[in-house]
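The block underneath contains the structure these notes are about, expressed in structure tokens.
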Amino acid sequence: MYVFNNKFYNEVQELARDVARNVVQPTAEKHDRNYSMPVEMLQAMHANGLLKLCLPKEFGGQGTGVMPGVDPLAFLLVIEEIGRFDMASSHCFQVHSHSAQMLAHGGTKEQLARWYEPTVKDGGIISWTGSEPGRTARGMYNMVSEAKRTSNGYVLNGIKNYGTNASIGTWNIISVSTEGMDPLEGFLMVLVPKGAKGLTIDEAWWRPTGMRAAVSPKLILENLEVPDHDVLVGPGFYPKCQGGSRWHLGFGANHLGAAQGLLDFAVEYLPKRGTAGSPHSQRVLGEMRMRIASARALLYQAAEMWGGSNIRAAEELSLMAKTVCIATAEWMVNETIRIVGTTALLNTFPLPRMIRDIHVHSTHANLDNTSQTLGKALLGMTIDTTQQQ
Ligand SMILES: Cc1cc2nc3c(=O)[nH]c(=O)nc-3n(C[C@H](O)[C@H](O)[C@H](O)COP(=O)(O)OP(=O)(O)OC[C@H]3O[C@@H](n4cnc5c(N)ncnc54)[C@H](O)[C@@H]3O)c2cc1C
């Protein structure tokens, strides 16, 4: 695999690879079957420090990420390595790491000390729920769930869904609209602790065909009181800071890992099955290798651009990298099935789960919108790189 000149990247990759092989691989099937969170992975990442990779240094973390522009590739390497064995587990780490970076971007010292404490002390994980029923049609920032201003904070009501990590999250970022304000100006992000009165988490809602271990429940907000000290900056902060453009590469890295995972599977399986002599299979393997290497080169280059000053270029290259990685993983699915054959699709092998995960996870990335955004940029038209998932 890839060896970097950056010693830190090599170390992070090695730590992630160790967790992926020794903790994620043996437990992935169980969590897929039970729709349960990859708790063993989270414990291992707490023990080896990976859960703190994107927390600022002054709170005991490593201060890395695409948001601060410091060693931006580090957490993406973790996502890639875990994704090789289980995309669902990888997504749990991704949401936590994106959340940690987002909080650091706006939170005060007092807030960050409280919000990060459960992660630093006990390996607590953070969730972030923006999605809600019907939001796609209304537009990313147009939410029905609403916050009403009180004398010392807000009261929230509404229904959110797809809250990855929320079933065990020690802190949960929740986005809502502010009553009486337009969607952009009133877009509000608040932090809600585990077990808060007025927050009901419906885990049974999460029964998808793939990505089952990335447990992403429905959240019911009923007169949920949020004090001012648990508000991230205030209304309008998230759209203004263009936060949404920072998260494309996480999705790309997970699909890149999944594509590599399919290739790893085929390379191990074909000789055992006695079919490695097929010239067709050999050619397909070679093509898989080339496409994955190309996707990886693009993703790594896009990641490093977040360490520079040309943010627009980083945003556009990130959209491209995400698209190429997802398209590569999707292409790999059918090609892998064709060269390994149907026996590999029995549930005794990990292949069916890997395919289901790619199918579900690639679906919500809105690649058509991404391509349109890139085309508009080329034509000199105004684009919004935060509009993709
Ligand atoms: C595994 C997984 C984990 C997730 N984790 C999180 C999370 O942690 N936090 C979170 O907030 N969300 C999360 N999501 C939710 C995700 O970001 C989307 O909000 C959700 O998947 C959208 O649901 P849907 O595909 O049914 O969309 P729908 O609302 O049904 O829309 C889907 C289709 O609408 C079309 N479309 C796309 N854009 C537009 C548009 N602008 N106008 C009209 N039509 C359009 C496209 O054809 C698209 O496929 C997760 C989703 C999955 C699958």
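Structure above, values below:
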item	result
Among 108-116, 3-11, the order from most to least packed when residues are scored by Cβ within 10 Å on average	108-116, 3-11
In degrees, nearest ten, helix 7-19 long axis to first principal axis of the chain (Cα)	80
Selection from Gly236, Met211, Thr164 lying farthest towards where the dipole of the range 129-236 points positive, charges on Cβ	Met211
13 Å beta-carbon shell around Phe59, net charge (K/R +1, D/E -1)	+2
Hydrodynamic radius of the range 129-236 per Kirkwood, over alpha carbon pairs, in Å	13.9
Relative contact order [Cα under 8 Å, 6+ residues apart], the chain, whole percent	17
Cα-centred dipole magnitude for the range 166-241, charges only on beta-carbon of K, R (+1) and D, E (-1), debye, nearest 20	440
Tilt relative to the chain, helix 39-48 - C-alpha long axis, 0 to 90 degrees, to 10	90
Around Thr27: net Lys/Arg minus Asp/Glu count, Cβ-Cβ under 10 Å	-3
Residue with peak Gaussian network fluctuation, the chain [Cα springs, cutoff 10 Å], from Thr336, Thr136, Thr178	Thr136
Highest-fluctuation residue, Ala321, Ala266, Ala295 considered, GNM on the chain with Cα pairs under 10 Å	Ala266
Candidates Tyr35, Tyr141, Tyr269, ranked by Gaussian network fluctuation over the chain, Cα under 10 Å, top entry	Tyr269
Candidate lysines for bridging to Lys148, where Cα separation is under 29 Å - those fewer than 8 sequence places away on the same chain excluded	Lys109, Lys160, Lys194, Lys197, Lys218, Lys240
Relative packing of peptides 278-286, 186-194 - highest average C-beta neighbours within 10 Å first	186-194, 278-286
Relative contact order, percent, the range 93-237 [alpha-carbon distance under 8 Å, six or more residues apart]	26
Nearest-ten-degree value, helix 311-340 long axis tilted from longest Cα axis of the chain	40
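Just so you know, all these numbers are worked out from the coordinates, no wet-lab data involved. Treat the numbers as computed from the prediction; the structure is a model and nothing was measured. Don't worry about glycine lacking a Cβ; one is built from the backbone with ideal geometry, like all the others, and counts go over all protein chains shown.
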